[in-house]
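Shown next, in structure tokens, is the structure this report addresses.
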Amino acid sequence: MNRSELLASLASCVGERHVLHTPADLAAYTEDWRRKYRGKAAAVVSPGSTAEVAAVLRLVSAHRLPVVTQGGNTGMSGGATPDGSGTQIVLSTRRLNRIRRVDALNDTIEVEAGVVLEAVQVAASEVGRLFPLALAAQGSCTIGGNLATNAGGTAVLRYGNARDLTLGLEVVTPDGRIWNGLRGLRKDNTGYDLKQLYIGSEGTLGVITAAVLKLFPPPTARRTALLALPSVANAVDLLCRARAELGPALTAFEVISAACVPLLKRHFSAMRWPFDAPVPVVALVEMSDHESEAHARDVLESVLAQALESGIATDGVVGESVAQSRALWALREHLSEAQALEGAHIKHDISVPISGVAAFVEAAQAQVQRDFPGVRAAWFGHLGDGNLHFNLLAPEGTDPALFCAQQEVVNRAVHDLVHAFGGSISAEHGLGQLRRDENARYKEGVELALMQSLKQALDPLGLMNPDKVLRAVPVG
């Protein structure tokens, strides 16, 4: 099939207006959000329904054309970027943007894959419910992408990952069949839980086109506090005490390292950093209360008072209003952008058991300082679930590009430590192409073989997002 025949065939599936092929039109779809990966595409196709997705996949399967599914293109691991061959089709889910049904009595919402996360949050709030998945990119990331990477975010401690928030899926298989698994059931033991195969698979097994998601009663009150701590060990101690005192009311527990603070002050000077003295570690704590504002304030302040009295914390501030709480969260949410503005840097999205976080941070910081004197360990993340973004910036006054050129050496040092602590090299960003080969270094052979078997069974032609998560195996 030549190029003109391909474009005409795709147009017959979705309409000519929804097939992009000029270099100017393709540009936004062939570079990842971090501008780390750039590829080429034969075309970008935007189906407007599940039936159109199925038609596209039947076409590409018949002609053995590889497909890369893309949502909001906000990924951090190059998982939705085509390769440089110019032979891959980018399937954009941007037109699959309908909220199909909200069932407040069942606490569920059925949405298509291209719906922006923030739109789901709004739709839930309009019927007096909460969809708790919250990410810095929620204004542009899509539900399909959230599910494909099993997104975590800031409320995992209370509500779980995207996997935990999903009851049912609709998926189009690589050969164009439609699996309707849109069940709003909390209990269903009628066979293998197929949806869990697709969640976190990064588009390598099929195309998620819709999902049934869990909703929750919104809390009556939320209280947020920012605490200064002497060490990571103190942060873990505070987390343990907060969980014991607050139980499921503890919604989020975030940490920020000292090296992050100058970046916020430099690039977001309008934001107010609440502590005058240098602080080794900061914890952002949020609780959700279903009783009253007064009860939430009293309970959280009691936890904070105990932390200050015992020396676990040295200082702290409490958001006394919605605006003040948002200002505290803004400090955390602008960290990724502040680091990007500082220049190229090396990112790590790791998780270790919470009991090992303090020892890991101490060992990792010491290791990178020995290997790269002056490197800035500007880490932050979700201590409540053991997920840290252990990001490293070049020493002050040096060329970031020269430091980033040593990424493989840096990654090996950090990830070897993660593995030694029983952790994972990808907690919530996915493997994509960024961590694919490193993952193979740490996974046991049996586990990799089982993953390859699943890929072969569900995508025998190897057309779905090839060379992501797993290296492509040539198909005979």
Could we say that Gly476 is at pLDDT below 95, surrounded by 15 or more Cβ atoms within 10 Å (Cβ to Cβ) and either among the aliphatic types (A, V, I, L, M) or in a loop (DSSP other than H, G, I, E, B) (or both) here? no
Report the residue count in the range 393-435 for those that are farther than 29 Å from Asn465 by Cα and either in a strand (DSSP E or B) or of a type in the set (S, T, N, Q) (or both). 2
Out of all the residues in the range 17-32, is one or more among the polar types (S, T, N, Q) and outside any helix (DSSP H, G or I)? yes
Extreme residue, surrounded by the fewest Cβ atoms within 10 Å (Cβ to Cβ), among residues of the range 184-223 that are within 30 Å of Ala283 (Cα to Cα) and small (Gly, Ala, Ser): Ala221
Quick test of your reading of the structure: Ser321 fulfils all but one of (1) surrounded by 15 or more Cβ atoms within 10 Å (Cβ to Cβ); (2) hydroxyl-bearing (Ser, Thr, Tyr); (3) without any contact (Cβ under 8 Å) to a residue 40 or more places away in the chain. Name the failing condition by number. (1)
Do we find a residue being under 26 Å from the mean Cα position of the chain (by Cα), assigned to a helix (DSSP H, G or I) and not assigned by TED's automatic domain parsing to the domain that holds Ser140 anywhere in the range 63-84? no
For the range 405-425, does any single residue satisfy the condition of being under 21 Å from the mean Cα position of the chain (by Cα), within 22 Å of Ala242 (Cβ to Cβ) and either aliphatic (A, V, I, L, M) or assigned by TED's automatic domain parsing to the domain that holds Tyr159 (or both)? no
Sole exception among (1) modelled with pLDDT of 95 or more; (2) surrounded by 13 or more Cβ atoms within 10 Å (Cβ to Cβ); (3) in a loop (DSSP other than H, G, I, E, B) for Pro460, by number: (2)
Which of the residues belonging to the range 210-247 are of a type in the set (S, T, N, Q) and closer than 20 Å to Arg297 by Cβ? Thr220, Thr224
Would you call Lys468 part of a loop (DSSP other than H, G, I, E, B) and in contact with a Leu (Cβ under 9 Å, 6 or more places away or on another chain)? yes
For the list (1) over 23 Å from the mean Cα position of the chain (by Cα); (2) within 21 Å of Pro230 (Cβ to Cβ); (3) modelled with pLDDT of 95 or more; (4) not assigned by TED's automatic domain parsing to the domain that holds Glu396, I need the number of the one condition that Asp276 fails. (3)
Of all residues in the range 213-233, which are among the polar types (S, T, N, Q), farther than 27 Å from Val122 by Cβ and under 24 Å from the mean Cα position of the chain (by Cα)? none
Verdict on Thr224 being touching a residue at least 40 places away in the same chain (Cβ under 8 Å) and among the β-branched types (Val, Ile, Thr): yes
Looking only at the range 320-371, how many residues end up being of a type in the set (Asp, Glu), part of a helix (DSSP H, G or I) and more than 15 Å from Cys260 (Cβ to Cβ)? 2
Could you please find all residues in the range 442-471 being more than 20 Å from Asp32 (Cα to Cα), in contact (Cβ under 8 Å) with a residue 12 or more places away in the chain and not aliphatic (A, V, I, L, M)? Tyr442, Gln452, Lys455, Gln456, Asp459, Pro460, Gly462
Of those in the range 37-57 that are assigned to a loop (DSSP other than H, G, I, E, B) and free of Cβ contacts under 8 Å to residues at least 60 places away in the same chain, the residue surrounded by the most Cβ atoms within 10 Å (Cβ to Cβ) is Pro47
Those residues that are in a helix (DSSP H, G or I) and either without any contact (Cβ under 8 Å) to a residue 24 or more places away in the chain or over 27 Å from Ala137 (Cβ atoms) (or both), I need them from the range 7-16; list them, please. Leu7, Ala8, Ser9, Leu10, Ala11, Ser12, Cys13, Glu16
Considering (1) at pLDDT 95 or above; (2) in contact with a helix residue (DSSP H, G or I) (Cβ under 7 Å, 6 or more places away or on another chain); (3) over 17 Å from His382 (Cα atoms), say which one Thr314 fails and leave the rest. (2)
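The values are calculated or read from the model by the stated rules, or taken from the named source; none is laboratory data. Predicted model only: the values in this text are computed from it and were never measured. Here the Cβ is made from the backbone with ideal geometry for all residues, glycine too, and neighbour counts use every protein chain on show.
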